[in-house]
Amino acid sequence: VETEVIESLGIIIYKALDYGLKENEERELSPPLEQLIDHMANTVEADGSNDEGYEAAEEGLEDEDEKRKISAIRSYRDVMKLCAAHLPTESDAPNHYQAVCRALFAETMELHTFLTKIKSAKENLKKIQEMEKSDESSTDLEDLKNTDWARFWVQVMRDLRNGVKLKKVQERQYNPLPIEYQLTPYEMLMDDIRCKR
(Lines give C-alpha, C1' and ligand atoms only; values in the text may rest on other atoms or scores of the structure.)
Protein backbone atom coordinates (compact mmCIF):
# COMPACT_ATOMS: atom_id res chain seq x y z
CA VAL A 1 0.00 0.00 0.00
CA GLU A 2 2.82 2.42 0.84
CA THR A 3 4.51 1.80 -2.52
CA GLU A 4 1.22 2.53 -4.33
CA VAL A 5 0.92 5.83 -2.47
CA ILE A 6 4.54 6.68 -3.34
CA GLU A 7 3.83 5.83 -6.99
CA SER A 8 0.73 8.06 -6.97
CA LEU A 9 2.72 10.86 -5.33
CA GLY A 10 5.42 10.61 -8.02
CA ILE A 11 2.78 10.87 -10.75
CA ILE A 12 1.11 13.82 -8.99
CA ILE A 13 4.44 15.65 -8.65
CA TYR A 14 5.20 15.08 -12.33
CA LYS A 15 1.75 16.33 -13.40
CA ALA A 16 2.06 19.35 -11.09
CA LEU A 17 5.41 20.28 -12.64
CA ASP A 18 3.89 19.80 -16.11
CA TYR A 19 0.80 21.91 -15.30
CA GLY A 20 0.30 25.02 -17.38
CA LEU A 21 2.68 24.01 -20.15
CA LYS A 22 1.56 23.74 -23.73
CA GLU A 23 1.52 20.30 -25.35
CA ASN A 24 4.70 20.98 -27.30
CA GLU A 25 6.57 22.33 -24.25
CA GLU A 26 8.56 20.21 -21.84
CA ARG A 27 9.88 21.36 -18.49
CA GLU A 28 13.57 20.71 -17.91
CA LEU A 29 14.16 18.92 -14.63
CA SER A 30 17.47 18.43 -12.90
CA PRO A 31 18.75 14.86 -13.36
CA PRO A 32 18.39 13.96 -9.64
CA LEU A 33 14.79 15.25 -9.53
CA GLU A 34 13.91 13.50 -12.76
CA GLN A 35 15.43 10.26 -11.46
CA LEU A 36 13.60 10.57 -8.13
CA ILE A 37 10.23 11.17 -9.81
CA ASP A 38 10.87 8.32 -12.25
CA HIS A 39 11.66 5.86 -9.46
CA MET A 40 8.73 7.07 -7.35
CA ALA A 41 6.31 6.70 -10.27
CA ASN A 42 7.62 3.23 -11.14
CA THR A 43 7.91 1.59 -7.70
CA VAL A 44 5.68 -1.35 -8.65
CA GLU A 45 7.85 -2.18 -11.68
CA ALA A 46 11.17 -1.72 -9.83
CA ASP A 47 12.49 -5.11 -8.80
CA GLY A 48 16.07 -4.15 -8.12
CA SER A 49 17.36 -5.31 -11.52
CA ASN A 50 19.23 -2.85 -13.70
CA ASP A 51 17.92 -1.76 -17.09
CA GLU A 52 20.04 -3.29 -19.84
CA GLY A 53 18.98 -0.77 -22.48
CA TYR A 54 20.20 2.65 -23.51
CA GLU A 55 20.17 4.14 -20.01
CA ALA A 56 22.41 1.40 -18.61
CA ALA A 57 25.09 2.20 -21.18
CA GLU A 58 24.80 5.90 -20.43
CA GLU A 59 25.00 5.45 -16.66
CA GLY A 60 27.74 2.83 -16.73
CA LEU A 61 30.20 5.11 -14.97
CA GLU A 62 28.04 5.58 -11.88
CA ASP A 63 28.71 3.73 -8.66
CA GLU A 64 26.76 0.44 -8.39
CA ASP A 65 25.79 1.08 -4.76
CA GLU A 66 24.26 4.41 -5.82
CA LYS A 67 22.18 2.66 -8.49
CA ARG A 68 20.91 0.05 -6.06
CA LYS A 69 20.06 2.71 -3.49
CA ILE A 70 18.14 4.87 -5.99
CA SER A 71 16.30 2.05 -7.76
CA ALA A 72 15.01 0.52 -4.51
CA ILE A 73 12.43 3.05 -3.35
CA ARG A 74 10.10 1.05 -1.15
CA SER A 75 9.05 3.53 1.56
CA TYR A 76 8.83 7.19 2.47
CA ARG A 77 12.10 6.82 4.35
CA ASP A 78 13.87 5.97 1.08
CA VAL A 79 12.45 9.10 -0.55
CA MET A 80 13.42 11.24 2.46
CA LYS A 81 16.96 9.80 2.44
CA LEU A 82 17.36 10.67 -1.25
CA CYS A 83 16.10 14.21 -0.66
CA ALA A 84 18.36 14.66 2.38
CA ALA A 85 21.38 13.44 0.41
CA HIS A 86 21.25 16.62 -1.70
CA LEU A 87 21.99 18.87 1.28
CA PRO A 88 25.45 19.63 2.66
CA THR A 89 24.47 18.18 6.04
CA GLU A 90 21.71 15.59 6.08
CA SER A 91 20.70 16.53 9.62
CA ASP A 92 19.46 19.91 8.34
CA ALA A 93 16.98 18.23 5.97
CA PRO A 94 13.82 18.60 8.11
CA ASN A 95 14.41 22.30 8.79
CA HIS A 96 15.43 22.99 5.19
CA TYR A 97 12.45 21.28 3.58
CA GLN A 98 10.02 22.81 6.10
CA ALA A 99 11.38 26.24 5.17
CA VAL A 100 11.02 25.41 1.47
CA CYS A 101 7.42 24.29 2.02
CA ARG A 102 6.64 27.45 4.00
CA ALA A 103 8.11 29.62 1.24
CA LEU A 104 6.16 27.78 -1.46
CA PHE A 105 2.96 28.04 0.56
CA ALA A 106 3.52 31.78 1.07
CA GLU A 107 4.12 32.25 -2.67
CA THR A 108 0.96 30.27 -3.43
CA MET A 109 -1.09 32.44 -1.08
CA GLU A 110 0.38 35.61 -2.62
CA LEU A 111 -0.44 34.29 -6.09
CA HIS A 112 -3.99 33.49 -4.97
CA THR A 113 -4.40 37.01 -3.58
CA PHE A 114 -2.93 38.48 -6.76
CA LEU A 115 -5.29 36.48 -8.99
CA THR A 116 -8.26 37.40 -6.81
CA LYS A 117 -7.42 41.09 -7.17
CA ILE A 118 -7.04 40.68 -10.93
CA LYS A 119 -10.39 38.92 -11.15
CA SER A 120 -12.17 41.62 -9.15
CA ALA A 121 -10.48 44.34 -11.21
CA LYS A 122 -11.61 42.66 -14.43
CA GLU A 123 -15.16 42.44 -13.09
CA ASN A 124 -15.07 46.13 -12.14
CA LEU A 125 -13.81 47.00 -15.62
CA LYS A 126 -16.66 45.02 -17.17
CA LYS A 127 -19.18 46.88 -15.00
CA ILE A 128 -17.70 50.23 -15.98
CA GLN A 129 -17.79 49.26 -19.64
CA GLU A 130 -21.41 48.16 -19.36
CA MET A 131 -22.34 51.41 -17.65
CA GLU A 132 -20.67 53.47 -20.35
CA LYS A 133 -22.22 51.28 -23.08
CA SER A 134 -19.28 51.93 -25.32
CA ASP A 135 -19.04 50.22 -28.70
CA GLU A 136 -15.33 49.50 -28.29
CA SER A 137 -14.05 45.97 -28.71
CA SER A 138 -13.14 43.93 -25.66
CA THR A 139 -10.00 44.97 -23.84
CA ASP A 140 -6.74 43.07 -23.74
CA LEU A 141 -7.33 42.28 -20.08
CA GLU A 142 -10.28 40.10 -20.99
CA ASP A 143 -8.05 38.05 -23.28
CA LEU A 144 -5.49 37.53 -20.56
CA LYS A 145 -6.03 34.16 -18.92
CA ASN A 146 -5.24 33.29 -15.32
CA THR A 147 -2.39 31.06 -16.48
CA ASP A 148 -0.75 34.07 -18.13
CA TRP A 149 -1.03 36.04 -14.90
CA ALA A 150 0.22 33.05 -12.92
CA ARG A 151 3.22 32.64 -15.22
CA PHE A 152 3.99 36.36 -14.89
CA TRP A 153 3.69 36.19 -11.11
CA VAL A 154 6.01 33.16 -10.89
CA GLN A 155 8.60 35.03 -12.98
CA VAL A 156 8.34 38.06 -10.70
CA MET A 157 8.73 35.90 -7.58
CA ARG A 158 11.72 34.07 -9.13
CA ASP A 159 13.38 37.41 -9.92
CA LEU A 160 12.76 38.61 -6.37
CA ARG A 161 14.11 35.35 -4.92
CA ASN A 162 17.23 35.51 -7.09
CA GLY A 163 17.72 39.16 -6.24
CA VAL A 164 16.92 42.20 -8.27
CA LYS A 165 19.95 44.20 -9.29
CA LEU A 166 19.34 47.90 -9.33
CA LYS A 167 21.50 50.32 -11.21
CA LYS A 168 23.61 52.59 -9.06
CA VAL A 169 22.44 56.14 -8.89
CA GLN A 170 25.33 58.36 -9.76
CA GLU A 171 25.24 61.68 -8.10
CA ARG A 172 25.74 64.39 -10.60
CA GLN A 173 26.46 67.88 -9.61
CA TYR A 174 23.62 70.14 -10.40
CA ASN A 175 25.03 73.16 -12.18
CA PRO A 176 22.15 75.26 -13.31
CA LEU A 177 22.73 77.31 -16.39
CA PRO A 178 23.18 81.00 -15.73
CA ILE A 179 19.96 82.87 -16.00
CA GLU A 180 20.06 85.18 -18.97
CA TYR A 181 18.31 88.47 -18.56
CA GLN A 182 18.76 91.99 -19.75
CA LEU A 183 19.50 94.81 -17.33
CA THR A 184 17.42 97.92 -17.37
CA PRO A 185 19.24 101.19 -18.12
CA TYR A 186 19.07 102.12 -14.43
CA GLU A 187 20.61 98.76 -13.39
CA MET A 188 23.34 99.15 -16.03
CA LEU A 189 24.20 102.58 -14.62
CA MET A 190 24.27 101.27 -11.05
CA ASP A 191 26.46 98.34 -12.13
CA ASP A 192 28.91 100.73 -13.82
CA ILE A 193 29.07 102.87 -10.68
CA ARG A 194 29.76 99.83 -8.50
CA CYS A 195 32.52 98.60 -10.80
CA LYS A 196 33.91 102.16 -11.10
CA ARG A 197 33.77 102.23 -14.86
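Kindly indicate whether any position in the range 132-139 is in a loop (DSSP other than H, G, I, E, B) and at pLDDT 80 or above. So that I can check it myself, show each step before the final result.
So the first thing to find is which residues in the range 132-139 are in a loop (DSSP other than H, G, I, E, B), and the list is 133-139.
Narrowing further to those that are at pLDDT 80 or above: none.
Within the range 132-139 (the criterion being in a loop (DSSP other than H, G, I, E, B) and at pLDDT 80 or above), the answer is no, since none of the residues qualifies.
If residue 172 satisfies every condition in (1) touching a helix residue (DSSP H, G or I) at 6+ places or on another chain (Cβ under 8 Å); (2) among the basic types (Lys, Arg); (3) modelled with pLDDT under 70 but one, which is the exception?
Every condition holds for residue 172 apart from (1).
Condition first: in a helix (DSSP H, G or I), at pLDDT 85 or above and farther than 29 Å from residue 22 by Cα. Can you find one or more residues in the range 101-118 that meet it? Outline the logic, then answer.
Taking the range 101-118 as the starting set, the residues that turn out to be in a helix (DSSP H, G or I) are 101-118.
The next check asks that each one be at pLDDT 85 or above; those that pass are 101-118.
Next, only the ones that are farther than 29 Å from residue 22 by Cα stay: none.
The answer is no; no qualifying residue exists.
Just to be sure before I move on: is residue 26 of a type in the set (Asp, Glu), surrounded by 13 or more Cβ atoms within 10 Å (Cβ to Cβ), at pLDDT 80 or above and closer than 26 Å to residue 108 by Cα in the structure I sent?
Values: of a type in the set (Asp, Glu): yes; surrounded by 13 or more Cβ atoms within 10 Å (Cβ to Cβ): no; at pLDDT 80 or above: yes; closer than 26 Å to residue 108 by Cα: yes.
Here the answer is no, as residue 26 does not meet what is asked.
The values are calculated or read from the model by the stated rules, or taken from the named source; none is laboratory data. A quick note: this is a predicted structure, and the numbers were derived from the prediction, not measured. Note: ideal-geometry Cβ built from the backbone for every residue, glycine included; neighbour counts use all protein chains shown.
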